[in-house]
Structure formats: C-alpha cells, structure tokens
Amino acid sequence: MVCESLVREGVEVIFGFPGGAVLPFFDTLPQYPHLRHILVRHEQGAAHAADGYARATGKVGVCLATSGPGAANLVTGIANAHLDSVPIIAITGQVARPFIGKDAFQEIDITGITQPITKHNYLVLDTASIPRIFKEAFYLARTGRPGPLLIDIPRDVFIEQAEFHYPNKVDLPSFKLTLEGHPAQIKNAAELINEAQRPLIIAGRGVIISGAYAELKELVEKAQIPVVTTLLGISSLPESHALSYGMIGMHGMAYANFAVNGADLIIAIGMRFDDRATAKVSAFAPHARVIHIDIDPAEIGKNVRVDVPIVGDAKAVLQKLNKQVTPVQHIEWVRQLDDWRREHISTNIRDTQKLLPQYVIRQIYEVTKGEAIIVTGVGQNQMWAAQHYWYDKPNSFISSGGLGTMGFELPAAMGAKVGCPDDTVWCIAGDGGFQMTIQELATIVQEKIAVKIAIMDNGYLGMVRQWQEFFYRKHYVATPLTGPDYVKIAEAYGLPGLVVKRKEEVVPAIQRAMETKGPFLIDFKIEREENVYPMVPPGASLSEVLEEPKQEAKKAKIAADSAKLPVSNI
Ligand SMILES: Cc1ncc(C[n+]2csc(CCOP(=O)(O)OP(=O)(O)O)c2C)c(N)n1
Ligand SMILES: [Mg+2]
C-alpha cells in the first residue's frame, strides 16, 4: 500500500536506507520496478538528497529510514527542508504497535521529535489509513507554502493487510489556503508602486517555488523597478538583467544593501525577512514603506512592519498587480544604483597569481556558460558561489539558507542530478562540510550519478575562522582543519579526481571534469585565509558594509578620478 500510494503520487525515486522496521517495505519494493530506490550511506544524505531533488525538479522528494537511529539521522535534513520550504516526505519505520512507549529496541518518538520541524506528521495506527495519509501528506507537502512531512509506520502496520482505496481528493476542512491575494490590498499596492520614486523589489525563493519568473520580469520592466534578491531568491530574475542588482544581506552586494537603505518602497515577494537578509532589523529600509507578498500569513509582520500585506501565491498576485501598475521610469533612482554598483564593485576579483576561490567559481561559470545547477555547502564556499557565478538560468542555485547545514552540498547535489539528469550539476563544497557527508561518494559511484565536485579546500572551517579573525582577535580555535588526500579518497571510492594548486590549472581541470562522463572531483587548494567580502558585521545595519581592503583603495582612486561622485543618501 505504501508503494502503491507512492506510484499514485508520481514518485519515481526514493532515497533510503533499510532496517528491521522497514523490511516489509523493502520486501515489496521489487514488485515496483518504476520506483527507483537509491541506497545512501547515511540517512542524513537521504533527507538532503530528497531536498536537492525537490528543489531542482519542483516535485516532492521522498526519503525513507528505519526506526530509532535511522529516523533520528533524518532530523537535520527534515529541519533543513522545513526552514527553506522544500516539499519532502520522510517515511520512517516504527516499532510494532504493542511496543510503542516501551523503550523498545530502536524506538524513538520521531513524530514527537519532528513535530516542530514538519508541516505535519503522522503516526499510522491502522493499515487501512495508509492511502488517505499518503494522499494528504503529498497534498500538504506541495500545496501552499511547501514543506516536509513525516509518516511514521509501525512494523506491524506494514505487515497487516487492508483494502486499498486511493482517495481522489483530500478532506482537510481546517487547512485553508489564500492564493489569489486580496483585491483591495493589491489595489493599495499598485497605488504605492505607481507613486514611488525609489521602489525596490526584494525577490525570495517564493518567486521560484511559484514559478513567477515571467510575472516578476513583467513587473520589473513595466514599472522599471530594480530587483535585489535574498540568498535563496538567486536566479528568480536573470542576474544579467539590467535591473538586477544581486543579493542583499550579510554577504550581499554592497550596492544591493545600499539600495534597500535608499528605497522609498520595498516590494518583498516570497521572502521572509530572515535576519541574514535584513541585518539589524530596526534599521532595515528606514525610508521605505513595505508591500509584502507571501503565501504564508504567519510571515506577514513577523520581522518587519508591513504597510500593505498581500497573502497569496506570488504568480497569481503578480498577474493581478501587473495589470494595475502603470508604465513608468525611475531614471534618477536607477542611475543612483548604477553609480553605487560602479563605486562598490562587490564582484571584483583581485588580479593575482594566487589561487582565489572567487576565481575558481568564476571559471566554473565561464566553462559551464552559466548553464549548470550549482549546489553549495555552507560557509565561505557558499557565499563565493552566490556572489561570483552569474545565475541567469531560473532555479539554478541550490543552497541551505535557513538552517545553514554543513554537509548539505554533496547529497543535495546528488539529489539534484538524479532529478535533472540532463543538467550539469556542480557541487561547490567546503572541506569541512564535505567531510561531514563524504560517504555519499559511494552512493554516487554505485548509482552512477554524474555530479561534478569542487572542494574549496582552505584547510579551515573558513567562515568561522573569518569571524575569529574579525571579532575574536584572530584566535583560531577549533577551525584549522586537516583532511584526507581527496584525490586518493575519490580514487578509493571509484571516481576520478584532480588536485589544483595553481591558477593556470583551474580552467583545464574544470574542462576535464566536464569532458569526463560520470562524477568527477577537484580539490582546489585555495588561498587559506581568504575572506568573504562584502560583510555586514553581526548586529550592524545593511548600510554598514565592510568591503575588501583592496577595494577600499580602489574606491579612493575612483573617488579621486571622478569629479562628480554621487553622494549617497544613506
Ligand atoms: C552542521 C553544522 N555545524 C556547524 C556549523 C557552523 N559553521 C558555519 S560555516 C562553518 C565552516 C564551514 O567550513 P567549510 O565547510 O570548510 O566551509 P568554508 O567556510 O571553509 O568555505 C561552520 C563550522 C554549521 N553551519 N553546520
Ligand atoms: Mg573550509
């Protein structure tokens, strides 16, 4: 009944790991040749792979684990999906019903544990309810604001038999959705937009989830509104678009942060004013009124005061809003942003013979012509990948934003590649994060998953080292990090690998990875103490951006060169 339900929901892939409680499931699986089971090496990998699969395809990802330790190992991955609104279904085995609550062998209360990190979860107490629960769970995962659900199935519930009736629709009277947006609020929003002098759109992952790319572009072009994005909003509008001004936040582009500061109207779409994006929230967008479009009413007014709240699906709301927005130019404002962008070249890469991570990312962009899906780890590697690749292709940036989970990169890239086999998928890994889920190399080899892996090998938990450098007197405690010989590791697992130590080896290595069929690993021995700039220090506001020291010098030169340097209004 579980397999049949998965088939009814169009599931093609399950990332899982067996154990006693789920053996009845595995026993039945061969009868379902269209359900591909991918055996991971650790259940955390299964959850992240389901997450990467779901983000890359827009479908629901499925992971499965046994009771007790298996279920517990899924927890980080479920929390990760929860914070980034990713639709996954986690199926766990549970001890048989008579043993529940007895501290039986491999018993944990996984529904209790995951209650705050799932949209909803189920302990299945009778076999006949399996189809209804699966129907509901898939519906809830993908409907409204997506998210993870967990279905915990006791071993004896797996074994019992019942009639299989798959419902056509769900019956959830208390689950109410608002998708269309309130007409009066949409009208209010249009009026504010039509009056604004310095409007700015902040696009979040909601735009991507909703597939509102065309609608966003229409609004941007019709009313000539500049766009910045959150980390997870990257690729909601092509970054080469003239009105695209990059990512905001702690490591956002300086000019994007200045734009937030200078705006008189913020149109926030499918984003939740996360503290990494807003920085000091009391100083966020001090001159702006705020329109907030979000499908989740709980997000409205949670962090930032909102003038016009619109609860609804981004695509549906933007379609209506666009009809009421009048074509207009914001020449002065756009010029101001362009000046800031020229003055604060946050994407500049130092001209040096050293092996800079920013250069590596930029070359991956050049060689893949911007057509790859980039899946990152967490830390410096993540920020360089966000800053130095140009994301023109919709939904091409996959990263753990909300939870910031090291170890996400390799299994999530694996899931993305399984979901999008015709796309090139690059895993940009930190050497720390990579070592957290390195075992999935075996999965990649066994299942022939052609992920290209670039380790940004700085021998440090780099982002934490950077904080120690800036805020803890360079007191590098617990951040210097050794690792194995990654090329030998790759060979041992059965995939080819290369180490790159010099700048001129970068492009040939990336080309070699692209030309090689199957997975490939490159260990980039990058500058060890390279920092991520720009940076808004913790507790500071978006206007207080630290820029790269060399950049400061360059800025001074630009200032000297330019007689009419614009005076920023922040
Ligand atoms: C599971 C987990 N543990 C700890 C952290 C805290 N943390 C954030 S970034 C970071 C360093 C990451 O090191 P590495 O993967 O080598 O990436 P780098 O910053 O060097 O690019 C750490 C430890 C985290 N985000 N996730
Ligand atoms: Mg590192």
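Determine ³J(HN,Hα), in whole Hz, for all residues of segment 71-86 in sequence, where each value follows from phi through the Karplus function 6.51 cos²θ - 1.76 cosθ + 1.60 and θ = phi - 60°; x replaces Gly and Pro.
The phi angles translate into 4, 4, 5, 7, 4, 4, x, 5, 4, 4, 5, 5, 5, 9, 6, 10 Hz.
Counting only protein heavy atoms and a 1.4 Å probe, tell me what percentage of segment 2-159's accessible area is made up of carbon and sulfur.
Working: 3070 of 5460 Å².
Roughly 56 percent, rounded to a whole number.
Rolling a 1.4 angstrom probe over the protein chains, ignoring ligands and nucleic acids, what is the accessible area of Leu140 in square angstrom, nearest 10?
10 Å²
Starting from the amide H of Ile38, placed 1.01 Å from N in the peptide plane, find each other amide H under 5 Å away whose residue is 5 or more places distant or on another chain.
Those qualifying (amide H under 5 Å, at least 5 residues apart or on another chain) are Ile14, Phe15, Gly16.
Report the relative contact order of the chain, percent, no decimals, based on alpha-carbon pairs under 8 angstrom and at least 6 residues apart.
On the way: 1271 pairs, mean separation 78.5, N = 570.
Reported as a whole number, the value is 14 percent.
If packing is taken as the average number of other Cβ atoms within 10 Å across a peptide's residues, how do 144-152, 292-300, 67-75 rank, most packed first? Kindly include the intermediate steps, with their values, before the conclusion.
Working: 144-152: 24.6, 292-300: 20.9, 67-75: 22.7.
In decreasing order of mean packing, 144-152, 292-300, 67-75 become 144-152, 67-75, 292-300.
Check which residues have an amide H placed less than 5 Å from Ile300's amide H, if you skip close sequence neighbours.
none
Compute the long axis of helix 43-57 from its Cα atoms, compare it with the longest principal axis of the Cα atoms of the chain, and write down the angle in degrees, 0 to 90, nearest 10.
Here the helix axis deviates by roughly 60 degrees.
Based on alpha-carbon centroids, what's the gap between segment 439-468 and segment 275-296 in Å, whole number please?
33 Å
Take every Cα pair under 8 Å in segment 2-159 that's 6+ residues apart, average their separations, divide by the length, and report that relative contact order as a whole percent. Write out the running numbers ahead of the final one.
On the way: 335 pairs, mean separation 40.5, N = 158.
Worked out over segment 2-159, it gives 26 percent.
Leaving ligands, DNA and RNA out of it, rank Phe470, Phe138, Phe105 by accessible area with a 1.4 Å probe, largest first.
Details: Phe470 55, Phe138 0, Phe105 170 Å².
Of Phe470, Phe138, Phe105, the descending order of accessible area is Phe105, Phe470, Phe138.
Considering only DSSP states other than H, G, I, E and B, which trypsin sites (Lys or Arg not before Pro) in segment 68-153 qualify as loop sites with at most 14 other Cβ atoms within 10 Å? If you can, show how the numbers build up before the last one.
Details: sites: Lys102, Lys119, Arg132, Lys135, Arg142; in loops: Lys102, Lys119.
Of the trypsin sites (Lys or Arg not before Pro), the ones in loops of segment 68-153 whose Cβ has at most 14 other Cβ atoms within 10 Å are Lys102.
Any idea what angle helix 183-195 forms with the longest principal axis of the chain, computed on alpha-carbon atoms, 0 to 90 degrees, nearest 10?
20 degrees
If I take R0 = 45 Å and measure r between the Cβ atoms of Met514 and Phe26 in this structure, what FRET efficiency does the formula 1/(1 + (r/R0)^6) give, to the nearest 0.05?
Working: r = 37 Å, r/R0 = 0.81.
It comes to 0.75.
Can you list the residues, at least 5 places off or on another chain, whose amide H is less than 5 Å from the amide H of Ile89, using H built in the peptide plane?
Here Gly61, Val62, Cys63, Leu149 satisfy the definition.
Determine the alpha carbon to alpha carbon distance for each of Lys222/Lys550; Lys176/Lys217; Lys448/Lys488 and list only those over 27 Å. Don't skip to the end; give the middle numbers.
Working: Lys222/Lys550 38 Å; Lys176/Lys217 29 Å; Lys448/Lys488 19 Å.
Those over the limit are Lys222/Lys550; Lys176/Lys217.
Mean separation of Cα pairs under 8 Å and 6+ residues apart, divided by the residue count of segment 183-343: what relative contact order is that in percent?
Numbers: 319 pairs, mean separation 46.6, N = 161.
After rounding, I find 29 percent.
Between their Cα atoms, which of Lys280/Lys525; Lys354/Lys452; Lys393/Lys517; Lys320/Lys393 are more than 32 Å away from each other? Each step should come with its number before you reach the end.
On the way: Lys280/Lys525 35 Å; Lys354/Lys452 23 Å; Lys393/Lys517 23 Å; Lys320/Lys393 25 Å.
Exceeds cut-off: Lys280/Lys525.
Give the angle, between 0 and 90 degrees and rounded to the nearest 10, that separates the Cα long axis of helix 314-324 from the longest principal axis of the Cα atoms of the chain.
Tilt relative to the chain: about 40 degrees.
Which whole-Hz couplings ³J(HN,Hα) result when phi for each residue of segment 125-130 is put into the Karplus expression 6.51 cos²θ - 1.76 cosθ + 1.60, θ = phi - 60°, listed in order with x for Gly and Pro?
Result, ordered by residue: 9, 8, 4, 4, 8, 4 Hz.
Send over the per residue convex hull volume for the chain, Cα only, as a whole number of Å³. Write out the running numbers ahead of the final one.
Values: hull volume 86.5 nm³, N = 570.
Residue-normalised Cα hull volume stands at 152 Å³.
The values are calculated or read from the model by the stated rules, or taken from the named source; none is laboratory data. Remember, it's a predicted structure, so these values are computed and weren't measured experimentally. Heads up, the Cβs are rebuilt from the backbone with ideal geometry, glycines too, and the neighbour counts pull from every protein chain shown. Surface accessibility is based on the protein's heavy atoms, side chains included, excluding ligands, DNA and RNA. Shrake-Rupley method; radii C 1.70, N 1.55, O 1.52, S 1.80 Å.
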